[in-house]
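Notes follow the structure.
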Amino acid sequence: MVSRESVSVRAVAPSNIALIKYWGKSDASLNWPANDSLSMTLHHARSITTARAWTDAQSPGSHRISFGDAGTASRVPEKTTRFLEWLRAEVARHGSATGALDITTRNTFPSSCGIASSASGFAALTMAATGAWTGARTIADLENIGIDRAKLAAWARRGSGSACRSIHGGYVHWQRGASPAGQNVSSAFSRDDWPLADLIVLVDDKAKHVSSSEGHARAFTSLLMAPRVAALPERLRETVRAIESRDLERLGTIIEGEAMEMHSVMMTSTPRTDYFSEPTTRFLAWLRAERVAGNLNAWFTLDAGPNPHLICRPEDSAAIATRIKKEFPAFPVIEDHTGNGATLEAVDGH
Ligand code: DP6
């Protein structure tokens, strides 16, 4: 019998696309990255997660999760359960955090398609669980008990590194600091400073064969990793200057080089890790030729998967999407743009 139920809260967390990548960890158990990264928070690609805590006086239940509003509830996977128990101990420092969680979650985009579902997923889960355990209905309620966005980001990071950047909006800088405790995640520019479009081209919808966690672990086997880490601070400063001056060509040139460098590390790791597929190469060759011919102004980046993200001006986005659909009718295109950070609200009726 359920003896106590908390209010139901809903967290909405956006995905993010890294312009300067997080690839390789100095401490895998803490998700302490080898280098700083910088991302753009998205708007339409989101995870929407509701949570409610309940306590059964007879038998303490285990957390349950359903995927999609009509999904059937099942036990939370072990890795996520470990994260939730770690999170519970952190939240408990700010008051009590009791009860098993009933969680419902869905993404507005297909998973494993090159959009970071673990980023938005863990950001939304962290906020929903924290809200359910504390009784907070909004981020302002959380701030009143000493849980601000910086803390939520630090917690979400333990679930998946890139999730920490989805708590904030605009352009987000994750600083590695000199020690795991010295990390900091903050918004360097707001969405309104420079809204840009992100066209995600699904050239290949098969799930990736090597998880990013496994890929991170291989990064330092590549001889390219040490020079990459040494060069990144200057590249990040250059990226910030490009955003400050709203110079898309400069930004585009940096992010393409950055994505190709990360994929070169992947391809020269042991075991070799290839996320590119044949359609990726074909699409990128077309993009380059079109740009050189002066037909479009868009630059790509790629995460740990085959699907390019094209960064362009919002006013050019629809015409570029039309061009892609004409040339590659089989590739779905998701049109997204710079967005704000994650939100928390009580679900209607509570
Ligand atoms: C290529 O955050 O998925 O998308 O911390 O092991 O969960 P874990 O890794 P994850 O790595 C993301 C890698 C990337 C680049 C990036 O988002 O910065």
Checklist entry - Considering only protein heavy atoms, what is the solvent-accessible area of residue 291 at a probe of 1.4 Å, reported in Å² to the nearest 10? => result 50 Å²
Item to check | Gained length - residue 192 relative to residue 92, 0.36 nm times residue gap less alpha-carbon distance | outcome: 32.4 nm
Next on the checklist: On a full-extension model of 0.36 nm per residue, what is the gain between residue 28 and residue 141, subtracting their alpha-carbon distance, rounded to one decimal in nm?
Outcome noted: 37.5 nm
Checklist outcome for this item: Zone reached by a paramagnetic label modelled 7 Å from residue 270 Cα along Cα→Cβ, restricted to the range 194-234 with backbone N below 18 Å, covers 215-227
Checklist entry - Which ³J(HN,Hα) values, rounded to whole Hz and listed in residue order, are derived for the range 252-265 from phi using the Karplus coefficients 6.51, -1.76 and 1.60 in 6.51 cos²θ - 1.76 cosθ + 1.60 with θ = phi - 60°, glycine and proline given as x? => result x, 5, 5, 5, 5, x, 4, 5, 5, 5, 4, 5, 5, 4
Checklist entry - By accessible area of protein heavy atoms, probe 1.4 Å, what ranking do 256, 234, 78, 261 get, highest first? => result 78, 234, 261, 256
Checklist entry - Classify the range 197-337: rounded, prolate or oblate, from the alpha-carbon gyration tensor (a ≥ b ≥ c, eigenvalue square roots; a/c under 1.5 rounded; otherwise prolate if a/b is larger than b/c)? => result oblate
Checklist entry - With every protein chain in place, what's the accessible area of residue 328 (1.4 Å probe, Å², nearest 10)? => result 20 Å²
Checklist entry - With all protein chains present and a 1.4 Å probe, how do 88, 288, 10, 282 order by accessible area, largest first? => result 288, 282, 10, 88
Next on the checklist: Give me the one-decimal nm value for the distance between modelled label points at residue 278 and residue 297, 7 Å along each residue's Cα-to-Cβ direction.
Outcome noted: 3.6 nm
Item to check | Built amide H within the under 5 Å cut-off of residue 15, gap 5+ | outcome: 42, 45, 46, 47
Next on the checklist: Straight-line reach only, C-alpha to C-alpha below 26 angstrom: list the lysines that residue 79 could link to, leaving out same-chain residues fewer than 8 apart.
Outcome noted: 21, 25, 151, 206, 208
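Going by average Cβ neighbours within 10 Å, how do the peptides 175-186, 211-222 rank, with the highest at the top? If you can, show how the numbers build up before the last one.
Details: 175-186: 14.5, 211-222: 17.0.
Put in order of decreasing packing, that is 211-222, 175-186.
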Next on the checklist: Check which residues have an amide H placed less than 5 Å from residue 97's amide H, if you skip close sequence neighbours.
Outcome noted: none
Checklist entry - Once the Cα gyration tensor of the chain is diagonalised, what are the square roots of 5 times its eigenvalues, in whole Å and ordered largest first, as equivalent ellipsoid semi-axes? => result 35, 22, 19
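The values are calculated or read from the model by the stated rules, or taken from the named source; none is laboratory data. All values reported here derive from a predicted model rather than from experimental measurement. Backbone-built Cβ (ideal geometry, glycine too); neighbour counts: all protein chains shown. Note: accessible area is taken over every heavy atom of the protein model, side chains too, but ligands, DNA and RNA are not part of it. Shrake-Rupley method; radii C 1.70, N 1.55, O 1.52, S 1.80 Å.
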